[in-house]
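Please read the structure below before turning to the comments.
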Amino acid sequence: MLTVTRDLLLPTTIVGSYPRPHWFVESLRGRAFKFALADAVFREQYLDAVACILNDQTRAGLDILTDGD
């Protein structure tokens, strides 16, 4: 073990985006993401999906949570 990092805790996180499920791509209907967020149904689906992802990361013990984007 390196002496410099012996007592240093390194926070863990993920890198990159999650794969987009079929329902997510279908809900976009060819719209840019920021325009799709104006649609209340899409926004609710997106927020539910992000909540699930963040819950998974919390249960995995990650220190820095991210929605992947």
(message) Could you check the spin-label model distance between GLU44 and THR12? Points 7 Å from the Cα along Cα→Cβ, value in nm.
(response) 3.6 nm
(request) For every other residue with a beta carbon closer than 13 angstrom to the beta carbon of GLU26, add +1 if it is Lys or Arg and -1 if Asp or Glu, then tell me the sum. (result) +2
(message) At 222 nm, what value in deg cm²/dmol follows for the chain if DSSP H runs of at least 4 each add -39500 (n - 2.57) and the sum is divided by all its residues, to the nearest 500?
(response) -14000 deg cm²/dmol
(message) Just to verify a number: FRET efficiency for THR58 and LEU28, C-beta to C-beta distance, R0 = 25 Å, to 0.05?
(response) 0.40
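How much accessible area per residue does the chain have, in Å², with a 1.4 Å probe?
80 Å²
The values are calculated or read from the model by the stated rules, or taken from the named source; none is laboratory data. None of the values given here were measured: they were computed from a predicted structure. Glycine also receives a Cβ, built like all others from the backbone with ideal geometry; neighbour counts cover every protein chain displayed. All accessible areas refer to the heavy atoms of the entire protein, side chains included, with ligands and DNA or RNA removed. Shrake-Rupley method; radii C 1.70, N 1.55, O 1.52, S 1.80 Å.
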